[in-house]
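These notes are about the structure you will find just below.
The values are calculated or read from the model by the stated rules, or taken from the named source; none is laboratory data. Since the model is a prediction, treat every value here as computed from it, not as a measurement. When we count neighbours, we look across all protein chains shown, and the Cβ atoms used for this are built from the backbone with ideal geometry, even at glycine.
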Amino acid sequence: MKLYEAFQAPGFHTAVMTTFGVEFDAFESIALARFRNAGCRNVVLVCDSGMLSLALAETERPPKSAGVGYLVAKARAAGVFHPKILVQIGKDRGRLIVASANATAPGLAGNLEVAAVVECGSADSAHC
């Protein structure tokens, strides 16, 4: 699976993505652009608090759309916040992707990453 291709799937209005490391230029040009082109307007990026602070301190690559085009939230954990999870929610479907990829250029579009996908639709029974 090419993770960045999954971001362009239509039918989702909300995406919540967690990451350890973040490169804002990569997230905005690779992930956010595809979410938006697919009609997803509610995007939340949850980052490790320490790594988020480092990314925000990089003056040559600041976020361009954070707070306007998507929400960035920091997460604290007893150690590091390290999950890489994407939850996408739509009117008639939902999807969970658990991957090894950070929200960085190599993670989103360069490295060979591992990902598992679970999808459900409106026809799926609550008894499953």
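For the range 91-116, the candidate set comprises residues that are part of a helix (DSSP H, G or I) and exposed (fewer than 15 other Cβ atoms within 10 Å of the Cβ); within that set, the residue that is farthest from the chain's Cα centre (by Cα) is 110. Among the residues making up the range 55-83, those that are crowded, with 18+ Cβ neighbours inside 10 Å and farther than 19 Å from residue 33 by Cα are 55, 81.
Would you say residue 68 is farther than 12 Å from residue 108 by Cβ, in a loop (DSSP other than H, G, I, E, B) and of a type in the set (Val, Ile, Thr)? So residue 68 fits the description; yes. Of the residues making up the range 1-36, those that are part of a helix (DSSP H, G or I) and touching a Pro at 6+ places or on another chain (Cβ under 9 Å) are 24, 25, 26, 27, 28.
Filtered by the rule that a residue be under 12 Å from the mean Cα position of the chain (by Cα) and either farther than 17 Å from residue 102 by Cβ or modelled with pLDDT under 95 (or both), the range 41-62 gives a lone residue, 42. Among the residues of the range 39-70, those identified as β-branched (Val, Ile, Thr) and in contact (Cβ under 8 Å) with a residue 24 or more places away in the chain are 43, 44, 46.
Taking the conditions exactly as written (surrounded by 12 or more Cβ atoms within 10 Å (Cβ to Cβ) and either of a type in the set (Lys, Arg) or assigned to a strand (DSSP E or B) (or both)), does residue 52 satisfy them or not? No: the conditions fail for residue 52.
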